[in-house]
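The next block holds one structure in the form of structure tokens; read it before the comments.
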There are 2 protein chains.
Amino acid sequence: MRILVTNDDGVFAPGLLALARAMRSLGEVWVIAPDHNWSASGHVKTLHRPLRVREVELADGTTAYSSDGAPSDCVALGLMGLLPGEVDLVVSGINPNSNLGHDVTYSGTVTAAMEAAISGKPAIAFSLESPEDLSEPIDFSAAERVAEQVAAEIIRHDLPPGFLANVNIPCLPLEQIKGIKITRQGLRIYHDELVRRLDPRGVPYYWIGGGVPTGVPEEGTDIGAVNSGYVSITPLKLDLTAHDQIDLLKGWKWQDITP
Amino acid sequence: MRILVTNDDGVFAPGLLALARAMRSLGEVWVIAPDHNWSASGHVKTLHRPLRVREVELADGTTAYSSDGAPSDCVALGLMGLLPGEVDLVVSGINPNSNLGHDVTYSGTVTAAMEAAISGKPAIAFSLESPEDLSEPIDFSAAERVAEQVAAEIIRHDLPPGFLANVNIPCLPLEQIKGIKITRQGLRIYHDELVRRLDPRGVPYYWIGGGVPTGVPEEGTDIGAVNSGYVSITPLKLDLTAHDQIDLLKGWKWQDITP
């Protein structure tokens with residue numbers, strides 16, 4: 001089992017180190033991650049400029065590659081030939097913030113996993129709910145154990161093509177995590193506000209501010225599971241078609257539109 | 001009807017001008033678009049830096065706002081208070097390249113529309129298949145007519161909440177377009193290849209190259225419709241859950257994983 005590890009916080013992020021450690025008991029680990037933070041930067045394919053790659057050493061001595069591309073570029077680099085062999089699984093994270101509900105299309109952590117799924121490789125995105133107290137360094141030890149065990153269970157199975165799992169872990173000590181729930185994507189509620197200020201030269205600038213996103217903690221959803229102390233595993237797919245609207249739209253008057 | 005027009009190619013792109021013109025018969029048009037090209041840059045929310053906005057004048061005298069944010073940031077700016085009133089519809093494009101199949105999560109054109117749908121506004125992304133001959137300027141005149149008529153038909157209806165349509169237009173003169181098809185997302189096939197070169201100092205760099213994406217032109221899909229000369233309208237949603245995998249995953253051995 002050859003496992004490519006990436007993230008969206010940068011190659012030296014502690015969450016990446018925790019994930020690389022977690023994967024080591026499951027197979028050979030390769031790390032390719034961005035050289036800087038790409039949070040909320042979405043699904044990127046860098047075509048208009050070249051990408052640089054350099055070898056770096058993580059805090060525990062692991063050799064890793066760092067790239068100036070986005071998380072999804074790092075996955076593309078790994079799957080298209082930067083690594084000396086075939087990758088069997090791509091994992092992304094551990095993101096120090098949950099990726100729930102509508103977060104998935106913004107999330108560098110999740111879109112890195114999407115990139116793998118588009119290339120036909122199974123992929124898992126791991127995110128840890130952020131703690132209430134942000135003054136202390138984040139403790140990834142429980143999330144590291146969960147990531148190892150979740151990935152182990154997933155790779156025991158014959159996976160559907162393009163298998164893509166979005167895993168969110170509550171910010172709790174391991175013994176307080178209640179278990180695992182298989183969930184659907186819930187409804188995220190953003191509290192963004194536009195802040196208008198004047199710069200030192202009197203020119204206006206705008207900053208997207210406001211409160212942290214909340215969500216509807218409905219039973220059966222990712223948000224509901226994490227809110228109740230469970231690890232949430234949401235299987236995702238790349239077909240965004242609103243299949244239930246196709247018949248509705250077919251009933252509209254399109255025939256008059258073109259010659 | 002107040003219509004916010006954006007794109008991912010930049011505020012001075014001819015496709016944006018065509019779309020703004022197309023919308024003018026349907027309502028009041030406001031333009032907020034990026035100051036540079038963001039193609040294949042995905043769904044971005046710029047939180048870590050301020051956004052600048054400046055007033056510019058398009059080639060036909062239209063007043064527009066240009067921002068250094070991504071297409072989705074432009075939509076957020078418009079919906080969060082940069083504009084003097086409520087927006088009723090967000091349109092994005094006309095992109096001078098189709099956005100079919102798996103392109104949707106990469107596409108700045110489509111993710112700008114997604115941003116609107118997340119905020120509860122109906123949104124339509126418009127893309128024009130690129131011509132075979134790229135030496136001539138792209139002719140948006142047929143696509144402009146199609147965009148106007150498609151948007152007119154969509155706004156005639158009570159739209160489902162979060163309504164999001166991905167419209168792809170074949171590169172044909174208006175009289176050769178065969179009609180409109182309501183489609184599902186097809187299977188895109190990428191032909192990316194990693195090109196490794198040495199820079200003038202002998203240091204390697206990598207470039208994602210390879211052929212243009214193709215796709216499986218299956219009946220009923222966006223790719224099939226455009227390939228046969230039809231305008232494709234795919235209703236999209238923001239729930240990426242693979243609902244058909246939930247029961248499968250529930251059958252796996254998760255109970256042994258956490259205490």
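The values are calculated or read from the model by the stated rules, or taken from the named source; none is laboratory data. None of these values were measured; they are calculated from a predicted model. Note that each Cβ is placed from the backbone with ideal geometry, even for glycine, and that neighbours are counted across all protein chains shown.
When A:Ser39, A:Ser98, A:Ser66 are checked against the criterion of being touching a residue at least 40 places away in the same chain (Cβ under 8 Å), among the small types (Gly, Ala, Ser), farther than 22 Å from B:Gly209 by Cα and more than 9 Å from chain B (Cβ to nearest Cβ), A:Ser98 stands alone in meeting it.
Assess whether B:Glu153 counts as being within 7 Å of chain A (Cβ to nearest Cβ), within 20 Å of A:Ile257 (Cα to Cα) and either out of contact with any Cys (no Cβ under 7 Å at 6 or more places or on another chain) or assigned to a helix (DSSP H, G or I) (or both). For B:Glu153, the condition - within 7 Å of chain A (Cβ to nearest Cβ), within 20 Å of A:Ile257 (Cα to Cα) and either out of contact with any Cys (no Cβ under 7 Å at 6 or more places or on another chain) or assigned to a helix (DSSP H, G or I) (or both) - is met.
Among the residues of the range A:126-146, at least one is touching a helix residue (DSSP H, G or I) at 6+ places or on another chain (Cβ under 6 Å), surrounded by fewer than 24 Cβ atoms within 10 Å (Cβ to Cβ), within 12 Å of another protein chain (Cβ to nearest Cβ) and not in a loop (DSSP other than H, G, I, E, B). Which numbered condition trips up A:Gly78, out of (1) buried (at least 21 other Cβ atoms within 10 Å of the Cβ); (2) touching a helix residue (DSSP H, G or I) at 6+ places or on another chain (Cβ under 8 Å)? It is condition (2) that A:Gly78 fails. The residues of the range A:81-100 include none that are modelled with pLDDT under 95 and surrounded by 24 or more Cβ atoms within 10 Å (Cβ to Cβ). If you filter the range B:199-248 down to residues that are hydroxyl-bearing (Ser, Thr, Tyr) and in contact with a Leu (Cβ under 9 Å, 6 or more places away or on another chain), you find that the one that is farthest from the other protein chains (Cβ to nearest Cβ) is B:Ser232. The set of residues in the range B:160-181 that are under 17 Å from B:Leu236 (Cα atoms) and either crowded, with 18+ Cβ neighbours inside 10 Å or touching a residue at least 40 places away in the same chain (Cβ under 8 Å) (or both) comprises B:Pro161, B:Gly162, B:Phe163, B:Leu164, B:Ala165, B:Asn166, B:Val167, B:Asn168, B:Ile169, B:Ile180, B:Lys181.
Could you tell me whether B:Leu194 is within 30 Å of A:Lys45 (Cα to Cα), within 8 Å of chain A (Cβ to nearest Cβ), hydrophobic (A, V, I, L, M, F, W, C) and touching a Phe, Trp or Tyr at 6+ places or on another chain (Cβ under 8 Å)? Walk me through it before giving the result.
Details: within 30 Å of A:Lys45 (Cα to Cα): yes; within 8 Å of chain A (Cβ to nearest Cβ): yes; hydrophobic (A, V, I, L, M, F, W, C): yes; touching a Phe, Trp or Tyr at 6+ places or on another chain (Cβ under 8 Å): yes.
In short, yes.
The number of residues in the range B:199-249 being loosely packed, with under 13 Cβ neighbours inside 10 Å and within 30 Å of A:Lys181 (Cβ to Cβ) comes to 3.
Go through the residues of the range A:55-69 one by one and say whether even a single one is under 26 Å from A:Gly162 (Cβ atoms) and among the hydrophobic types (A, V, I, L, M, F, W, C). Give the derivation first.
The initial filter retains those residues of the range A:55-69 that are under 26 Å from A:Gly162 (Cβ atoms), namely A:65, A:67, A:69.
From what's left, among the hydrophobic types (A, V, I, L, M, F, W, C): none.
Among the residues of the range A:55-69, not one is under 26 Å from A:Gly162 (Cβ atoms) and among the hydrophobic types (A, V, I, L, M, F, W, C), which makes the answer no.
Consider the range B:166-187 and keep the residues that are within 8 Å of chain A (Cβ to nearest Cβ) and assigned to a strand (DSSP E or B). The one that is nearest to A:Leu248 (Cα to Cα) is B:Ile182.
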